[in-house]
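The values are calculated or read from the model by the stated rules, or taken from the named source; none is laboratory data. The structure displayed is predicted, hence computed values, not measured ones. Ideal geometry is used to build each Cβ from the backbone, glycine not excepted, and the neighbour counts take in all protein chains shown. What goes into the accessible areas is simple: the full protein's heavy atoms, side chains included, and nothing from ligands, DNA or RNA. Shrake-Rupley method; radii C 1.70, N 1.55, O 1.52, S 1.80 Å.
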Amino acid sequence: MLHPSRRLRLLRYVSQGIVVLVIAYLGLRHQATGGGPRGSAPIDSYCVFGGLETFWTFITTGTFLAKTNLSNIVLLVSVVLLTLLTGASFCSWICPLGTIQDVLAGFGKKIFGRTFLPSPRLDKYLRHLRFASLLLILYFTIRLGSLWFADYDPFKAIFHFSFETLLPIFLIAGFVVLSILSERFWCKYLCPLGAFFSLFSRLSLFKLKRNPDSCKSCNLCNRSCPMGLNVAQANVLSDGQCIKCLNCIQSCPLDGALSLETKRR
């Protein structure tokens, strides 16, 4: 019988795999049937970030940006509620870009035997780029009244399955190389949606907690964290970037040293 931590890991893998297959199917179906009343919705309609991009237009005009609709708003609200409950678990259990990065990081570790990280000081500054990316995208989206970021979005580049220009090919190539070299590079440094959810993740009901009496400071939790967080030094990890992948708990050899708890339990 599988250990509970292994069952959780297997459940996460299944969740990730199903979402990637569904999104890939939706993207391929749009290419096969086209858009319009007789076709199928573009992949933009299934993008959570699209809900944030179209939100201002929706509340000010009652309409949506082209290629978005109510589904984007519903997805956004649903994931915000999920984040308030479990933190940024969407990023590790559901997001297809997160899944692809996990797979590519696995290849990178097999090839190089490690993941490449910037210096702690540089890493600290690079993590602010996500918020700059978020503000820049929202500014130009509102100003131009269109999905300005769509042409540069790795989600669309990968799952739209349209390569009429070289841009999506370059975007995918860059995404793949960076993900192989540095684990969750997009999530840590560039993802605007991750920046947005990190604001709510700090308020989440479930927190990762470390029992200092049980912890032996082996740092296995730090080495297993794809987001590069300092789990070994935090009694309560309130960092909004914790994606609740639970790798730290699964890598910890000591029962009770790390746990996912609410304020009461």
Residues S179, S217: which one is of a type in the set (G, A, S) and either at pLDDT below 95 or in contact with a strand residue (DSSP E or B) (Cβ under 6 Å, 6 or more places away or on another chain) (or both)?
-> S217
Scan R202, R210, R184, R130 and give me the residue that is in contact (Cβ under 8 Å) with a residue 24 or more places away in the chain and in contact with a strand residue (DSSP E or B) (Cβ under 6 Å, 6 or more places away or on another chain).
-> R210
Yes or no: E183 farther than 22 Å from E53 by Cα, among the acidic types (D, E) and within 16 Å of the chain's Cα centre (by Cα)?
-> yes
Determine whether segment 61-69 contains at least one residue that is surrounded by 21 or more Cβ atoms within 10 Å (Cβ to Cβ) and more than 22 Å from V20 (Cβ to Cβ).
-> yes
Going through segment 199-233 one residue at a time, which ones are surrounded by 18 or more Cβ atoms within 10 Å (Cβ to Cβ) and of a type in the set (G, A, S)?
-> S201, S204, G228, A232
Look through segment 122-145, keep the residues that are outside any helix (DSSP H, G or I) and open to solvent by less than 50 Å² (accessible area, probe 1.4 Å), and return whichever of them is farthest from G98 (Cα to Cα).
-> G145
Of everything in segment 24-59 that's of a type in the set (S, T, Y) and in a helix (DSSP H, G or I), which residue is surrounded by the most Cβ atoms within 10 Å (Cβ to Cβ)?
-> T54
Can you confirm whether segment 249-261 contains a residue that is surrounded by 16 or more Cβ atoms within 10 Å (Cβ to Cβ), within 24 Å of I180 (Cβ to Cβ) and touching a Pro at 6+ places or on another chain (Cβ under 7 Å)?
-> no
Based on what the data block shows, is T115 open to solvent by less than 60 Å² (accessible area, probe 1.4 Å), in a loop (DSSP other than H, G, I, E, B) and among the polar types (S, T, N, Q)?
-> yes
Selection from segment 31-70 of residues that are in contact (Cβ under 8 Å) with a residue 24 or more places away in the chain and under 15 Å from F159 (Cβ atoms) = Q31, A41, P42, I43, D44, S45, Y46, C47, V48, F49, G50, K67
Quick one: what pairs do we get from segment 78-91, first residue over 21 Å from Y13 (Cα atoms), second open to solvent by 10 Å² or more (accessible area, probe 1.4 Å) and part of a helix (DSSP H, G or I), C-beta under 7 Å, 6+ apart or different chains?
-> V80/F200; L84/F200
If you go through segment 149-166 one residue at a time, how many are more than 18 Å from A41 (Cα to Cα) and open to solvent by less than 70 Å² (accessible area, probe 1.4 Å)?
-> 2
